[in-house]
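This report concerns only the one structure given below.
The values are calculated or read from the model by the stated rules, or taken from the named source; none is laboratory data. Just so it is clear, the model here is predicted, and its values are computed rather than measured. A quick note on method: Cβ atoms are made from the backbone with ideal geometry, for glycine too, and the neighbour counts reach across all protein chains shown.
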Amino acid sequence: MAITVKLPTQLRETVGGVASLQAEGATVGEALESVFASHGELRDRLYQDGDLRRFVNVYLGGEDIRFLDGLKTALPEGAELTILPAVAGGC
Amino acid sequence: MAAKQLKCRECGTEYPLEARYVCSKCFGPLEVGYDHEHITDVSEMRRRIQGGPQNIWRYHDFLPLEGPQPRTRTGLPAGCTPLIRADRLAERLGLGEVWVKNDAANPTHSFKDRVVSVAATRARELGFDTLACASTGNLANSVAAHGAALGMASYVLIPADLEEQKVLATGVYGTNLVKVRGNYDDVNRLCTELSGDRENWAFVNINMRPYYAEGSKTVSYEIAEQLGWEIPDRVVVPIASGSLFTKIGKGFQEFIDVGLIDGDVPIMNGAQATGCSPVAAAFRDGQDFCRPVKPHTIAKSLAIGNPADGPYALDLARATAGSIDSVNDQEIRAGIRLLAETTGVFTETAGGVTTAVLQKLAETGAIGSDERVVIVITGEGLKTLDAVRHSFMDYEVDPTIESFEQAFAGAVQV
Ligand SMILES: Cc1ncc(COP(=O)(O)O)c(C=O)c1O
Ligand SMILES: [Zn+2]
């Protein structure tokens, strides 16, 4: 399934300046794995001990995947994932 | 300047002092690091502070600004708010000594003026001409006002369902006010995305966050100075993102490290609303990270479901033998009334949370009778009037003595 992964500015340098990448997979975890297959450097930036780093947020349709099924969250065809740093905010 | 670099709290990687907030290696938050080696004469430093202006710029040596001490009679100087001894509150709660740090007494009536003053001043040093923020209201007021005072354009993004008082007290300054259909965490996500593309905007709580956060240290500097260069035993502080809470700890630690005060960082008690208590829940469950939640509480100024500094707030509470507790909406309303009736200070819902948590700690016996306790009241009651509507009775009379006497004869004495 074709998935779009939108990258935050902090990661764009690593992938040659592009703002998004195409991915394949039925779940968030699979889609990220397919991205790592072509951009291995990203794995270390996003993952620690096989899971998302605690200061990395991934959103599906505006919803934090931690409210869904985490990395196991199923992806519809054409889904768009957005990766953002978690350390922003203070109201 | 005493500030030397930005440093990742997670992996220690260092970066120059620019508009940057995330470690590009591990996504951890960046924090300002200082070199205070040059402070060797403590009494000279105390005199220097005491001879400074009546606002946060008296602590210029401990803030991340390059230029000279900002001019005091321009901009919107914050801080130097009253520290009030609250004997009637202490007595009501059976405590020994309670003080109220009343940060509603800032230019836009919340502690946010401290963080925005630092962020906006640093933003100008770095060449930005536009301020922006994601806010639940208090930050919105402060960013809009600082933009007006400093002659910078501003964009303020808020959840569409914010209290009317906070919306009006933002729009009046002539900002670009954007109501986002969603909760604070949605607004914050949108702003985080926007900040990647709007490189000439200084988002005070995103790309300027390391500087913004430093402003909160001035709360502890002032408390120590106002107590005659002493450290209180315990401090109660409200938590949304956890930035204020952790920086109050850092502020005491820095003054201890340079020798301006003696002793240990106070016992740190964090206060959250039960309807949005990811940090209190993690504390209770012995976790070292916070599970994000969807907020449902009248304390909208504390309604961050995904708190950026949650892990560090947990560390600080545990390291100081403190705790992070939560109180429900009813307790929050009662907390506002308790503070108002015993001190004459009318606070917003966030202050109701703080006062109610103090009450809870007092009732459970967590506070020793010989302790000196400071509660940090961060915002103004006039901004959340709905929280006290119908919370008391009043009398309506004709303008005659008879009517007046009749009203009171029939009334239950309170
Ligand atoms: C009145 C008030 N008190 C406390 C806080 C908590 O601040 P922090 O996000 O630094 O935890 C906020 C806003 O976030 C606030 O508006
Ligand atoms: Zn790092």
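Every test in (1) in a helix (DSSP H, G or I); (2) crowded, with 20+ Cβ neighbours inside 10 Å is passed by B:P307 save one, and that test is (1). If A:F67 satisfies every condition in (1) under 22 Å from B:C26 (Cα atoms); (2) among the hydrophobic types (A, V, I, L, M, F, W, C); (3) modelled with pLDDT under 95 but one, which is the exception? Only one criterion is unmet by A:F67, namely (1). For the structure I just gave you, tell me whether B:G33 is without any contact (Cβ under 8 Å) to a residue 40 or more places away in the chain, within 16 Å of ligand 2 (Cβ to nearest atom) and in a strand (DSSP E or B). Yes. If only residues of the stretch B:184-199 that are more than 7 Å from every other protein chain (Cβ to nearest Cβ) and out of contact with any Phe, Trp or Tyr (no Cβ under 7 Å at 6 or more places or on another chain) are counted, the one that is nearest to B:L302 (Cα to Cα) is B:D185. Answer with yes or no whether B:S117 is touching a residue at least 12 places away in the same chain (Cβ under 8 Å), more than 16 Å from ligand 2 (Cβ to nearest atom), within 9 Å of another protein chain (Cβ to nearest Cβ) and not basic (K, R). Taking the combined requirement at face value, the residue does not satisfy it.
Within the stretch B:202-231, restricting attention to residues that are over 18 Å from the mean Cα position of the chain (by Cα) and crowded, with 24+ Cβ neighbours inside 10 Å, the residue that is farthest from B:L316 (Cα to Cα) is B:A202. As a summary of the residue check, B:S24 satisfies the conditions (1) more than 16 Å from ligand 2 (Cβ to nearest atom); (2) within 12 Å of chain A (Cβ to nearest Cβ); (3) among the polar types (S, T, N, Q) except for the one numbered (1). Any residue at all in the stretch A:54-68 that is surrounded by fewer than 19 Cβ atoms within 10 Å (Cβ to Cβ) and more than 13 Å from chain B (Cβ to nearest Cβ)? No, the stretch A:54-68 contains no residue that is surrounded by fewer than 19 Cβ atoms within 10 Å (Cβ to Cβ) and more than 13 Å from chain B (Cβ to nearest Cβ).
Looking at the stretch B:168-183, which of the residues that are of a type outside the set (K, R) and within 14 Å of chain A (Cβ to nearest Cβ) is surrounded by the fewest Cβ atoms within 10 Å (Cβ to Cβ)? Looking at the filtered set, the residue picked out is B:G182.
Tallying residues that are in contact with a helix residue (DSSP H, G or I) (Cβ under 7 Å, 6 or more places away or on another chain) and at positive phi within the stretch B:127-168 yields 1.
Kindly indicate whether B:W57 is within 17 Å of the chain's Cα centre (by Cα), more than 16 Å from ligand 1 (Cβ to nearest atom) and of a type in the set (F, W, Y). Spelling it out, it is not the case that B:W57 is within 17 Å of the chain's Cα centre (by Cα), more than 16 Å from ligand 1 (Cβ to nearest atom) and of a type in the set (F, W, Y).
Examine the stretch B:363-385 for a residue that is closer than 28 Å to B:G94 by Cβ, of a type in the set (K, R), more than 15 Å from ligand 1 (Cβ to nearest atom) and in contact (Cβ under 8 Å) with a residue 60 or more places away in the chain, and state whether such a residue exists. Yes, the stretch B:363-385 contains at least one residue that is closer than 28 Å to B:G94 by Cβ, of a type in the set (K, R), more than 15 Å from ligand 1 (Cβ to nearest atom) and in contact (Cβ under 8 Å) with a residue 60 or more places away in the chain.
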